[in-house]
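**Q** Have a look at the structure that comes next, please.
The values are calculated or read from the model by the stated rules, or taken from the named source; none is laboratory data. As the structure is a prediction and not an experimental result, all values here were calculated from the model. Glycine also receives a Cβ, built like all others from the backbone with ideal geometry; neighbour counts cover every protein chain displayed. Only protein heavy atoms, including side chains, enter the accessible area calculation; ligands, DNA and RNA are left aside. Shrake-Rupley method; radii C 1.70, N 1.55, O 1.52, S 1.80 Å.
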Amino acid sequence: MLTKKNIIIGTAQFGEKYSISSNNAVNYKEARRILNKAYKHKIDYLDTAIDYSKAYNLLKKINLSNWNIITKFPNLRSIKNTKSQYNIYADNILKDFKISKIDCVHFHNINQLFSKNGDYLFRILKDLKDKKIINQIGASVYFPKDVDRLLKNFNFDVIQCPVNIFDRDFIIKKTLKKLKKRKIKVHVRSIFLQGLLLMEKEKLPKYFKKWNNIFDKWNQYLSENKVTALEACISFIRQQKDIDKVIIGVDSVIQLNNILNAFKSKKTFKNFNFKINNKYLLKPSLWQN
């Protein structure tokens, strides 16, 4: 079962609003407190991306020399200078975060791997891995079919994908099991569905009102089990045997404390088994304002 040591701190909300359930960006002072608290609990993995420019600039001001950094390189408009640009990205991360090696670099947009230059792009990261500049090559995916396409053509070390108590596509289609059989590490994100699962029904944006019946069943489940939404979400993830690490975005030290307490809890809850397969609810990239 997953423990707090399997947590990766997500940083998309550092410096700018990210979670649908929060109106505030995490400022430098709070970010530093979050990371200090996490590190004291032996959490030393951090997920970021160069495209998260505000988060990146904030993190440069914090001593991350003892952290394992997972990142994503931006897509490039031109393939011409990709190799030199990827090397520049890697050098900058090593310098800015004062680390000797990047733990993992994910392809942020896997569509670039299926272009005519896909093999070339992968070889550049493979070269950085051979030089021991990066430790692992990964891909950030949205659907199980993405994994099937990738594994036909490339040898990845890590796959990052969304899994939560509502969105079980990767579990139902046994994609996680497939990855484990191939000894590919599984990092899951969006375990709170960008904070949506933690919101009170009355505070949901108008876009989600069409799924009131689903949220009624969710709240009924929480009430019947005498459990908070956060505890239920974490309990569900902890019971998944094919997950190696879980990325959790944190807005405050208080929230981190609640998450750590939920990971320590030995309580388990019966499965919330209401079937949900609507991508317009489950995939934040498809949400409309």
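**Q** Stokes-Einstein at 20 °C, 1.002 mPa s, Kirkwood radius from Cα pairs: D for region 55-174 in µm² s⁻¹?
**A** 139
**Q** Let me ask you something else. Can you check how the C-alpha radius of gyration of region 111-240 compares to 2.2 N^0.38 Å, as a plain ratio?
**A** In units of the 2.2 N^0.38 Å rule of thumb, it is 1.31.
**Q** Relative to a virtual label point 7 Å from the Cα of I214 in the Cα→beta-carbon direction, which members of region 238-277 show backbone nitrogen distances below 16 Å?
**A** 272-277
**Q** Let me ask something else about it. Given a 1.4 Å probe and heavy atoms of the protein chains only, how would you sort D51, D242, largest accessible area at the top?
**A** Result of the area sort, largest leading: D51, D242.
**Q** What number in nm² do you get for region 177-266 if you take the convex hull of its Cα atoms and divide its surface by four?
**A** On the way: hull surface 29.0 nm².
That works out to 7.3 nm².
**Q** Further, regarding this structure: Using 0.36 nm per residue, how much length does the chain from K226 to K61 gain when fully extended, once their Cα-Cα distance is taken away?
**A** Answer, rounded to one decimal: 55.2 nm.
**Q** So what is Rg over Rh here for the chain, counting just Cα atoms and using Kirkwood for Rh? Mind dumping the intermediate values first?
**A** On the way: Rg = 18.9 Å, Rh = 19.8 Å.
Reported Rg/Rh, Kirkwood definition of Rh: 0.95.
**Q** Right, another one. Within region 178-235, what whole-number % of the accessible surface is contributed by carbon and sulfur, with the 1.4 Å probe and all protein chains included in the calculation?
**A** Carbon and sulfur atoms account for 50 percent of the accessible area of region 178-235.
**Q** Ignoring ligands and nucleic acids, what accessible area does W218 show with a 1.4 Å probe (Å², nearest 10)?
**A** 10
**Q** Run the numbers for N87 and N109: contour at 0.36 nm per residue of separation, minus the present Cα-Cα distance, in nm.
**A** The N87-N109 span can extend by a further 6.1 nm.
**Q** Accessible area per residue of region 1-140 at 1.4 Å probe, in Å²?
**A** Heavy-atom SASA per residue in region 1-140 reads 50 Å².
**Q** Sticking with this structure for a sec: Leaving out ligands, DNA and RNA, what percent of the accessible area of region 107-158 is carbon and sulfur, probe 1.4 Å?
**A** Details: 1140 of 2570 Å².
Answer for region 107-158: carbon and sulfur cover 44 percent of the accessible area.
**Q** Around I134, under 9 Å between beta carbons, what's the net of Lys plus Arg minus Asp minus Glu among the other residues?
**A** Numbers: positive: K101, K129, K131, K132; negative: D103.
Overall, the nearby charge balance is +3.
**Q** Sticking with this one: Given the pairs K210/K283; K29/K245; K17/K101; K37/K180; K5/K145, which span a C-alpha to C-alpha distance of over 20 angstrom in this model?
**A** Going by Cα-Cα distance, K29/K245; K17/K101; K37/K180; K5/K145 fall outside the 20 Å limit.
**Q** Just the number please: accessible area per residue for region 168-289, 1.4 Å probe, all protein chains included, in Å².
**A** For region 168-289, the per-residue accessible area is 56 Å².
**Q** I need the calculated FRET efficiency for the pair K42 and D130, taking r as the beta carbon distance and R₀ as 35 Å, to the nearest 0.05. Working shown, then result.
**A** Details: r = 30 Å, r/R0 = 0.87.
Computed FRET efficiency for K42 and D130 comes out at 0.70.
**Q** In addition: When Lys and Arg each count +1 and Asp and Glu each count -1, what net charge do the other residues less than 15 Å away from S65, Cβ to Cβ, add up to?
**A** Working: positive: R32, K60, K61, K95, K98, K101; negative: D44, D96, D103.
Taking every Cβ under 15 Å from that of S65, the sum is +3.
**Q** Here is a further query. Once ligands and nucleic acids are excluded and a 1.4 Å probe is used, how much of Y142 is accessible, expressed in Å² to the nearest 10?
**A** The value for Y142 is about 90 Å².
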